[in-house]
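One structure below.
The values are calculated or read from the model by the stated rules, or taken from the named source; none is laboratory data. Given the structure is predicted, the values throughout are model-derived calculations rather than measurements. Every residue, glycine among them, receives a Cβ derived from its backbone with ideal geometry; neighbour counts consider all protein chains shown. Just so you know, the surface numbers come from the protein's heavy atoms only, side chains and all, with ligands and any DNA or RNA stripped out. Shrake-Rupley method; radii C 1.70, N 1.55, O 1.52, S 1.80 Å.
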Amino acid sequence: MALTGYVGRKAGSVLGQVGELFVIVLEGLRRTWDIKTWWWEFVAQCWFLARVTSVPVLLVSLPLGATVALQVGELAWQLGASSATGSAVFVGLVREVAPMASALLIAGAGGSAMTSDIGARHIRDELAAMEVMAVNPIHRLVTPRMWAASTVAVCLAPLVIVAGAAGGYFFNVIIQGVTPGAYFDGALSLVVTTDLIVTLFKAWIFGFIAAAVSCYMGMTCATSPVGVGRAVNKATVVTFMLVFAMNYVITAIYFLAFPPKVL
């Protein structure tokens with residue numbers, strides 16, 4: 001009975017936290033139309049996120065594209081189809097790597113900063129002071145951060161694709177000696193327009209999730225410096241879990257609607 005009661009309490013606590021997260025998200029979206037109240041904060045957050053994620057995403061994508069080309073290129077070379085490496089690199093980058101890499105960097109670099117910033121405001125009672133002054137802290141702080149994270153994530157996805165393709169090009173063309181025409185012809189043979197559209201949609205959703213979770217953890221953290229640190233850690237872990245789960249759902253629906261093309 002004691003174990004059952006403990007499990008029930010934990011499940012109730014988790015469901016309560018999920019409900020609070022949805023309340024904050026919906027409240028943040030409710031006044032989205034009032035752009036003049038959050039526009040400059042949105043611009044500042046976009047600049048901050050772009051500044052802290054653009055260089056890391058390049059440094060991650062370049063070796064990642066080269067690694068994919070290495071793994072696939074060796075097998076394709078043995079089979080006499082080394083030009084197919086470009087197809088594998090571009091398909092992997094466009095369909096999966098680009099939105100995931102942008103979302104994880106948004107969550108790791110930008111999301112942790114969001115959580116610590118809002119958590120520091122929370123423990124200093126700045127959020128309560130804003131409510132006393134009839135300023136909704138969700139509209140003023142959460143709304144611009146959610147839209148900024150989703151916007152920057154969409155902008156990072158093409159950067160991941162270009163950088164990863166450059167890494168694959170270096171290995172496949174420079175190292176293995178495949179002609180550039182064969183590399184890019186194979187790269188564009190399997191990728192269709194819907195792949196890019198779904199990738200940008202994924203990036204937007206993942207960035208939105210990262211910002212929403214980060215802001216929620218900051219607004220509900222324990223009122224102590226230790227509580228802020230734990231909230232940052234929890235926000236990163238929860239964001240990763242939600243992003244991977246949402247990626248599976250979107251990919252499964254997309255493959256049912258648009259079956260993969262076969263050469």
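Please identify the pairs in which a residue from region 40-57 that is in a helix (DSSP H, G or I) has its Cβ atom under 6 Å from the Cβ atom of a residue that is surrounded by 13 or more Cβ atoms within 10 Å (Cβ to Cβ) and charged (D, E, K, R), counting only partners at least 6 apart or on another chain.
What qualifies is Q45/R145.
Is one or more of the residues making up region 159-177 modelled with pLDDT of 85 or more, of a type in the set (S, T, N, Q) and either open to solvent by 10 Å² or more (accessible area, probe 1.4 Å) or within 17 Å of the chain's Cα centre (by Cα) (or both)?
Looking for residues that are modelled with pLDDT of 85 or more, of a type in the set (S, T, N, Q) and either open to solvent by 10 Å² or more (accessible area, probe 1.4 Å) or within 17 Å of the chain's Cα centre (by Cα) (or both), one finds none in region 159-177, hence no.
Check region 242-262 and report whether any residue there is closer than 24 Å to S116 by Cβ and among the polar types (S, T, N, Q).
Checked against the condition, which is being closer than 24 Å to S116 by Cβ and among the polar types (S, T, N, Q), region 242-262 yields no hits at all.
So which helices (runs of 4 or more DSSP H) are wholly in region 75-146 and hold at least 3 residues that are within 24 Å of the chain's Cα centre (by Cα), modelled with pLDDT under 85 and surrounded by 24 or more Cβ atoms within 10 Å (Cβ to Cβ)?
Those helices (runs of 4 or more DSSP H) do not exist here; none qualify.
Within region 21-73, work out how many residues are closer than 22 Å to L242 by Cα, open to solvent by less than 40 Å² (accessible area, probe 1.4 Å) and more than 17 Å from the chain's Cα centre (by Cα).
Residues flagged as closer than 22 Å to L242 by Cα, open to solvent by less than 40 Å² (accessible area, probe 1.4 Å) and more than 17 Å from the chain's Cα centre (by Cα) within region 21-73 amount to 3.
Take region 210-235 and flag every residue that is buried (at least 21 other Cβ atoms within 10 Å of the Cβ) and polar (S, T, N, Q).
S214
Please go through region 30-57 and pick out each residue that is modelled with pLDDT of 85 or more and among the aliphatic types (A, V, I, L, M).
Hits for region 30-57 are V43, A44, L49, A50, V52, V55, V57.
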